[in-house]
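Step one of this worksheet: look at the structure below.
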Amino acid sequence: GEYGFTNQKCGMACCWSIKNPEYPERVYKTTSGITALDFSLQNPNLLAVGMYNGTIAVYNVRFSSQLAILDSNETPSNHLGPVWEIKWIEREYTRGRRDLRTSSLP
């Protein structure tokens, strides 16, 4: 995506397989440009994506669905600034949750 807020376009994350390096096996289209992404080390099928408009989405690349399994646009108090860094925090909680850490400029 573009870095100028008024020139924003849609984004796309693609995942390739070693079996077919010529064409992506998974394509995830987003409503805003992608500025950061990270795969979970503990669950490598989970891809976290941060976008220029502040949205965070998590995709399960194991399945062919292009829908995010988590989308921060569905929360009432979502982040609005660009997500410049996204990182999984791999630690166990009593309910087995995983957390994401994000970073943006003030």
**Request:** Being closer than 16 Å to residue 12 by Cβ and either without any contact (Cβ under 8 Å) to a residue 24 or more places away in the chain or of a type outside the set (A, V, I, L, M) (or both) is the filter here, so list the residues in region 29-63 that pass it.
**Result:** 29, 30, 31, 32, 33, 35, 50, 52, 53, 55, 59
**Request:** Would you point out which residue out of 52, 28, 59, 93 is at pLDDT below 80 and in contact with a strand residue (DSSP E or B) (Cβ under 9 Å, 6 or more places away or on another chain)?
**Result:** 93
**Message:** Looking at region 6-34 only, could you name the residues that are open to solvent by 30 Å² or more (accessible area, probe 1.4 Å) and either of a type in the set (Asp, Glu) or under 18 Å from residue 72 (Cβ atoms) (or both)?
**Reply:** 8, 10, 22, 25, 29, 31, 34
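The values are calculated or read from the model by the stated rules, or taken from the named source; none is laboratory data. In this text the structure is predicted, and so the values were computed from the model without any measurement. Neighbour counts run over all protein chains shown; Cβ positions are idealised from the backbone, glycine included. To get the accessible areas, we keep the full protein, side chains included, count just its heavy atoms, and leave off ligands, DNA and RNA. Shrake-Rupley method; radii C 1.70, N 1.55, O 1.52, S 1.80 Å.
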